[in-house]
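Data block below; observations after.
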Amino acid sequence: MSERRHLVLDVDVGIDDALMMLMFLGEPSVEIVAVGSTHGNCTAADAALNALRVLEACGVHDVPVALGPESPLDPPHQASHVHGFDGLADLGLPLPSGAITGESAPDQLVRLGRERPGELDLIAVGPLTNLAAALELDPASLKRYRSVAWLGGVSIAPAEELVNDYYDANTLSNPEAARAVFASDSPITVIPIDLSYRAILSDEQLNAIERADTPQAQFAWSILPFYCNFYEPWIGRWSACMHDPIAGAVAIDDSFVTHEVQRSVVLEPYKDRVHAHGQSEPVAGAPPKRIVDDADVPRFMDYFVERLLGPVNPAYVTE
Ligand SMILES: [Ca+2]
């Protein structure tokens, strides 16, 4: 990786959100500057606590975590069967020692962009609630980030019928927010779920995580079994998809990208639900977004496990 990156994370932590954070904590060339929580895999309140838990599990105590608004849907989109009711496999983890900041996650997004224009990379791997709220506060807010990446959507609309039953949870958890963000002219890189569903841990990689004694690997192994149990029927063996981690890796390192397209992204019905799809022709009112529709998945999988098995980035204040 050629240059140091300063990350703002927008996360609904969430087992794979936690895995992405652990990966970044083991990556010496990036620094997590701030975290904003959003609803989705669990409540925004639980996601904020979980973000603090992940940071503290690696001895990191100096990264601010801001709380985002809860789901506008009644009832909220449900994901407890995937991540547990608390978002982290219902392990009964103790409360973190640190506290959330007093600032809302959308306010934090707007403020950081203004304070450090062109410096920060925003990586959003949950519903787009906070990004849509930031755009309402300031329509130029996302343009002040060096880059904005989002995990979600499908790279292109199904011409006839999809062979895979993709489930676009980050769109389903707040469709209105997704519509607002994709109608904006903010530059956004989309890492679609038809790519992230291909990022599946091998038995050897699972074994390596289980055996390792780093804090990232030990925390990862505490939450991975719940996730693998959920994915086992879909994958056909005991493993899981690394959705948020592959989005994070692509966001910080373009060399993972093997193919990309520019497409309008719109929300359309899909089976009994709705998906955000890339469109083959430009759509009025939906400025084209960069969609990474292929990446070097095998190299990413090795990279992910290496980051869990290496030291925590010493740039953080740890104890
Ligand atoms: Ca997520």
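Overview of results
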item: In the range 261-277, the residues that are free of Cβ contacts under 8 Å to residues at least 40 places away in the same chain and assigned to a strand (DSSP E or B); result: Q262, P269
item: When residues of the range 139-179 are limited to those that are of a type in the set (S, T, Y) and modelled with pLDDT of 95 or more, the one surrounded by the fewest Cβ atoms within 10 Å (Cβ to Cβ); result: S147
item: Every residue from the range 206-236 that is touching a strand residue (DSSP E or B) at 6+ places or on another chain (Cβ under 9 Å) and either within 16 Å of the ligand (Cβ to nearest atom) or of a type outside the set (A, V, I, L, M, F, W, C) (or both); result: Y227, Y231
item: The range 23-41, residues that are out of contact with any strand residue (DSSP E or B) (no Cβ under 8 Å at 6 or more places or on another chain) and more than 10 Å from the ligand (Cβ to nearest atom); result: M23, G26, E27, P28, H39
item: Some residue of the range 4-22 being in contact (Cβ under 8 Å) with a residue 24 or more places away in the chain, surrounded by fewer than 22 Cβ atoms within 10 Å (Cβ to Cβ), in a loop (DSSP other than H, G, I, E, B) and more than 12 Å from the ligand (Cβ to nearest atom); result: yes
item: I252 touching a Phe, Trp or Tyr at 6+ places or on another chain (Cβ under 9 Å), in contact (Cβ under 8 Å) with a residue 12 or more places away in the chain, buried (at least 19 other Cβ atoms within 10 Å of the Cβ) and closer than 15 Å to E306 by Cα; result: no
item: The range 1-51 - residue that is under 22 Å from G310 (Cβ atoms) and charged (D, E, K, R) and, of those, nearest to the chain's Cα centre (by Cα); result: D17
item: Residue count for the range 209-241, restricted to those that are part of a loop (DSSP other than H, G, I, E, B), farther than 16 Å from R307 by Cβ and touching a residue at least 60 places away in the same chain (Cβ under 8 Å); result: 1
item: Pick from the range 258-285, criterion more than 14 Å from A157 (Cα to Cα) and either at pLDDT 90 or above or crowded, with 16+ Cβ neighbours inside 10 Å (or both), ranking: farthest from the chain's Cα centre (by Cα); result: A284
item: D86, sole failed condition from (1) modelled with pLDDT of 95 or more; (2) away from the ligand (no atom under 15 Å from the Cβ); (3) not β-branched (V, I, T); result: (2)
item: Residue count, the range 67-98 (criterion: part of a loop (DSSP other than H, G, I, E, B), farther than 24 Å from V30 by Cβ and not polar (S, T, N, Q)); result: 19
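The values are calculated or read from the model by the stated rules, or taken from the named source; none is laboratory data. Remember, predicted model here, so these are calculated numbers, not experimental data. When we count neighbours, we look across all protein chains shown, and the Cβ atoms used for this are built from the backbone with ideal geometry, even at glycine.
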